[in-house]
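The values are calculated or read from the model by the stated rules, or taken from the named source; none is laboratory data. Quantities reported herein were computed from a predicted structural model and do not represent experimental measurements. Here the Cβ is made from the backbone with ideal geometry for all residues, glycine too, and neighbour counts use every protein chain on show.
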Amino acid sequence: MTRPWKSLFAAAVCLALSQGGTASAALITLNFDTRLDNGAPIPVNTLVNAAYPGVGATFSANATIVAGGPGGIPTLPNFAAGLPLFSGVITVTFDTPTDFVSAQNVTASGFTLTAFRADDSVVGVSVAPFNSTPTGGPFFTAMVTDPTASIARVTFTPVGGQYGFDNFTFNQTAVVPEPSSMVLLGLGAAGLVGYARKRRTTPAA
């Protein structure tokens, strides 16, 4: 015969798992000028992944932050802030799928932002067009949103020549258990403890 305490525990666990949780999101912006953890300036020629470890997004291994200044960047002769500058395709993979990604075009060449699901199907495409006056703006933004929060990775593809982007922004999502789920799991755990104690105190037949 099934023990009452064991049945209570199993039922509570199943119900709690069926309740699931809600996705909480924290908006993360990488400005490529300063670190997120301590606000320290990022040195020239620093890999993006080294500058922003553990932020929930991993860039292509060769993605490097460069500096502007006179003669520093041909397409941005007067741009002094840091930014990644690329000639080919760059991929950014998220630790958990997100619902929002954007980036600003701050160079004379444009880029295409393409968002993918984990199964490689396309979520959306956005283009930050050619910027004729990159040092003074306007700074065009490419952005993809997804209400199902299934964006697993994005790619940046050049439109024209060498390109750069700034203020890379995304929602860092995480699943948070519902309060009701936590209560149900607590009831199940209490039931299991009670069952164990009852077994210890019940005389053997």
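Every residue, every condition in (1) in a loop (DSSP other than H, G, I, E, B); (2) modelled with pLDDT of 95 or more; (3) over 25 Å from residue 150 (Cβ atoms), yes or no:
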site: 44; (1), (2), (3): yes, no, yes
site: 73; (1), (2), (3): yes, no, yes
site: 80; (1), (2), (3): yes, no, yes
site: 85; (1), (2), (3): no, no, yes
site: 93; (1), (2), (3): no, yes, no
site: 103; (1), (2), (3): no, no, no
site: 120; (1), (2), (3): yes, yes, no
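Every test in (1) of a type outside the set (D, E, K, R); (2) at pLDDT below 85; (3) not in a strand (DSSP E or B) is passed by residue 38 save one, and that test is (2). Quick one: is residue 108 outside any helix (DSSP H, G or I), small (Gly, Ala, Ser) and modelled with pLDDT of 85 or more? It is false that residue 108 is outside any helix (DSSP H, G or I), small (Gly, Ala, Ser) and modelled with pLDDT of 85 or more. Where residues in the range 46-71 are among the β-branched types (Val, Ile, Thr) and not in a loop (DSSP other than H, G, I, E, B), which of them is modelled with the lowest pLDDT? Top of the filtered list is 66. Restricting to the range 127-148, give me the number of residues that are under 21 Å from residue 163 (Cα atoms), surrounded by 16 or more Cβ atoms within 10 Å (Cβ to Cβ) and either at pLDDT 95 or above or in contact with a helix residue (DSSP H, G or I) (Cβ under 7 Å, 6 or more places away or on another chain) (or both). Qualifying residue count, the range 127-148: 1.
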